[in-house]
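Heads up, the thing below is written out as structure tokens.
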Amino acid sequence: MAKLHQVLPALLMSLLPALCLAEATAMSPGLACKSASQAINEEGFVEVGGIPQWLTIKGKHCSNPVVLIVHGGPGNTMSPYASAIYGAWEKDYTIVQWDQRGAGKTFGRNKPGEDTPLSIAQMADDGVAVATYLTQHLGKKKIILTGSSWGSILGAQMSISRPELFYAYVGTSQVVSYRANQTSSYNKVLNLAQAAGDQETVSKVSALGPPPWSNPRNFGVLRKAIRKYEALSTDPAPKTWWSAEPAYATPAALADYEAGEDYSFLKFVGYKGDGMFSTVDFPETASKFAIPVFFVQGAEDLLTMPEITRQYVDSITAPQKEYILVPRAGHDPNLPFIEAQLKLLNERVRALSN
């Protein structure tokens, strides 16, 4: 048997690549942009809220405004698909993707137990910490904040709690209210299915009974029906969008994505309908914004219904507010939706950062 002093050097050498890789995935805390014309392409973990959380930062020029994209789900990170969907934005903006606590690569690095809590307040605080890091790391006074679906819950909270960090908030597929959003979706989908003579969907949705629900599976049943009917009146997203980049397509990365999605979804709905979503009532808690706010809404969205978002926009106070309705778009991203967001950034929001 080999002696320890003979084995140890070889063992350390075999571990060295893994150790170097672990160190390489920690993003530098220092100033990344040394000149305005410099391009930036970084990815790695940053200490946020007591744990390492995954960020990607990509842009052609450091002089461009920074856009932090807060993904939906919860658990549906956009990092694996960012280049395909948002790559064209990088010419005029520095685009930041963040894998939230309990999602994607952040989930993989910090696997929580089933009983580990997750809260909107905690994750909004994480988002504020990410925004603060970005201002320091990229040498910016402020950044542009955008949040979609679940991410719009965090985005609204972040922009209200720390408005000095943001030039503007752009909410897409904005969540407004647990009761109002669920009830309107349930009624609309049931009406559509009845009008279409779709007895299978009528039976499945009506069997749920009107929300709120205590069964965590009910939301998933409604969501499946929503996707079915949105597909009839929206443009499909390009298939190339949903092919994960190689670093996110390994068996381990795919397993972490799926496990994080499951964990986060259960925290969202709760085992008895008492999850994070049940606490959302923005007409009561998020009605006053100190920064300009813009809401981009799919006209065919059956999850965050246009009329609910419109009522919310009409009720809030802000230095500037705007509601943009996008034809042929539903709840999830497609070309009309992404193009409308970029047009908004170019024509209205960018000027706020000058």
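The values are calculated or read from the model by the stated rules, or taken from the named source; none is laboratory data. The structure presented is a predicted model; accordingly, all values stated were derived computationally and were not measured. All Cβ positions, even for glycine, are placed from backbone atoms using ideal geometry, and neighbour counts span all protein chains on display. Quick note on the areas: whole protein, heavy atoms, side chains included, nothing else; ligands and nucleic acids left out. Shrake-Rupley method; radii C 1.70, N 1.55, O 1.52, S 1.80 Å.
In a shell of Cβ-Cβ distance under 15 Å around Gln297, excluding Gln297 itself, what net charge do Lys and Arg (+1) and Asp and Glu (-1) give?
Values: positive: Lys188, Arg310, Lys321, Arg328, Lys343; negative: Glu230, Glu300, Asp301, Glu307, Asp314, Glu322, Asp332, Glu339.
Cβ neighbours under 15 Å give a net charge of -3.
At what distance in nm do the modelled label points of Ile51 and Arg179 sit from each other, each positioned 7 Å from its Cα along Cα→Cβ?
With each label placed 7 Å out from Cα toward Cβ, I get 3.2 nm.
In degrees, nearest 10, range 0 to 90: what is the angle between the Cα axis of helix 306-315 and the longest Cα principal axis of the chain?
Long axis of 306-315 versus the principal axis of the chain: about 80 degrees.
Could you work out the relative contact order of the chain? I mean the mean sequence separation of Cα pairs under 8 Å and 6+ apart, divided by the number of residues, in percent.
Numbers: 649 pairs, mean separation 62.5, N = 354.
Relative contact order, the chain: 18 percent.
Pairs of Cα atoms under 8 Å, at least six residues apart: use those to get the relative contact order of the stretch 236-350, whole percent. Each step should come with its number before you reach the end.
On the way: 111 pairs, mean separation 27.5, N = 115.
The value is 24 percent.
So, for the stretch 79-154, what is the accessible surface per residue at a probe of 1.4 Å, expressed in square angstrom?
Details: 2470 Å² over 76 residues.
Per residue, the stretch 79-154 has 32 Å² of solvent-accessible surface.
How do Thr25, Thr240 rank by accessible surface area computed with a 1.4 Å probe, from largest to smallest?
Numbers: Thr25 30, Thr240 100 Å².
From most accessible down to least: Thr240, Thr25.
Ignoring ligands, DNA and RNA, what percent of the accessible area of the chain is carbon or sulfur (1.4 Å)?
Within the chain, the accessible surface is 57 percent carbon and sulfur.
Could you state the angle between the C-alpha long axis of helix 251-269 and the longest principal axis of the C-alpha atoms of the chain, as a value from 0 to 90 degrees rounded to the nearest 10?
For 251-269 against the chain, the angle is about 40 degrees.
Under the rule of at least 5 residues apart or a separate chain, name every residue whose amide H is placed under 5 Å from the amide H of Val326.
Here Gln297, Gly298, Ala299 satisfy the definition.
Can you tell me which of Ala290, Ala129, Ala249 moves the most in a GNM of the chain? Springs connect C-alpha atoms under 10 Å apart.
Answer for the Gaussian network model of the chain: Ala249.
Can you give me the long-range amide H partners of Phe166? Hydrogens built in the peptide plane at 1.01 Å from N, cutoff under 5 Å, separation of 5 or more residues or another chain.
Distant-sequence amide H within range of Phe166: Ile143.
In nm, to one decimal, how far is the Ser28 label point from the Ala195 one, both placed 7 Å along Cα→Cβ?
5.7 nm
Name the residue, out of Pro283, Pro117, Pro216, whose mean-square fluctuation peaks in a Gaussian network model built on the chain with Cα pairs under 10 Å.
Pro117
Any chance you could run the full-extension gain for Glu245 through Glu347? It's 0.36 nm times the residue separation minus the Cα-Cα distance, nm to one decimal.
Numbers: separation 102, 0.36 × 102 = 36.72 nm, distance 3.05 nm.
Result: 33.7 nm gained on full extension.
Quick check: net charge around Lys105, other residues with Cβ under 10 Å of its Cβ, Lys/Arg +1 and Asp/Glu -1? Write out the running numbers ahead of the final one.
Numbers: positive: Arg109; negative: Glu43, Asp99, Asp256.
Local net charge: -2.
So what is the calculated 222 nm ellipticity per residue for the chain, using -39500 (n - 2.57) for each DSSP H run with n of 4 or more, over all residues, to the nearest 500 deg cm²/dmol?
Working: 12 runs with 146 residues, N = 354.
Rounded to the nearest 500, it is -13000 deg cm²/dmol.
Per residue of the stretch 95-103, in order, report the coupling 6.51 cos²θ - 1.76 cosθ + 1.60 (Karplus, θ = phi - 60°) as ³J(HN,Hα) in whole Hz, putting x for Gly and Pro.
Whole-Hz 3J(HN,Hα) from phi for the stretch 95-103: 9, 10, 9, 10, 7, 5, 3, x, 9.
Between Arg328 and Asn215, what is the spin-label point distance in nm, taking each point 7 Å from the Cα along the Cα→C-beta axis?
Going by the 7 Å Cα→Cβ label model, 3.8 nm.
Around Thr77, which amide H atoms from residues at least 5 apart in sequence, or from another chain, sit under 5 Å from its own amide H, with H modelled in the peptide plane?
Under 5 Å from the amide H of Thr77 lie the amide H atoms of Gly104, each far enough along the sequence or on another chain.
Mind checking which aspartates and glutamates have their Cα closer than 12 Å to the Cα of Lys105? Skip sequence neighbours fewer than 8 apart in that chain.
Glu43, Asp256, Glu258, Glu261
Roughly how many whole Å is it from the C-alpha centroid of the stretch 39-79 to that of the stretch 241-307?
17 Å
Net charge near Ser233: determine it from the other residues with C-beta under 10 Å of the C-beta of Ser233, scoring Lys and Arg +1 and Asp and Glu -1.
Working: positive: Arg328; negative: Glu230, Asp235, Glu300.
Net charge in that neighbourhood comes out at -2.
Rg to Rh ratio, the chain, alpha-carbon atoms and Kirkwood radius? Let's see the in-between values first.
Working: Rg = 21.4 Å, Rh = 21.3 Å.
Rg divided by Rh gives 1.00.
Between Arg310 and Leu254, 0.36 nm times their residue separation minus their Cα-Cα distance comes to what?
On the way: separation 56, 0.36 × 56 = 20.16 nm, distance 3.68 nm.
Fully extending the segment from Arg310 to Leu254 adds 16.5 nm.
Just to confirm the number: angle between the C-alpha axis of helix 217-230 and the first principal axis of the chain, 0 to 90 degrees, nearest 10?
Tilt of helix 217-230: around 70 degrees.
Among Asn76, Asn64, Asn215, which one shows the highest mean-square fluctuation when the chain is modelled as a Gaussian network with alpha-carbon springs under 10 Å?
Asn215
Output wanted: per-residue J couplings in Hz (rounded whole) for the stretch 337-345, from phi through Karplus 6.51 cos²θ - 1.76 cosθ + 1.60, θ = phi - 60°, x for Gly and Pro.
Going residue by residue, I get 5, 5, 5, 5, 5, 5, 4, 4, 4 Hz, with x marking Gly and Pro.
Just the number please: accessible area per residue for the stretch 201-262, 1.4 Å probe, all protein chains included, in Å².
Details: 3580 Å² over 62 residues.
For the stretch 201-262, the per-residue accessible area is 58 Å².
So what J values fall out for the stretch 316-325 if you push phi through Karplus, 6.51 cos²θ - 1.76 cosθ + 1.60 with θ = phi - 60°, rounded to Hz, Gly and Pro as x?
Values, residue by residue: 8, 10, 6, x, 7, 8, 8, 10, 10, 9 Hz.
What is the packing order of peptides 108-116, 310-318, 252-260, taking the mean over residues of other C-beta atoms within 10 Å and listing the highest first?
Values: 108-116: 12.1, 310-318: 15.1, 252-260: 17.0.
My ranking of the peptides, most packed first, is 252-260, 310-318, 108-116.
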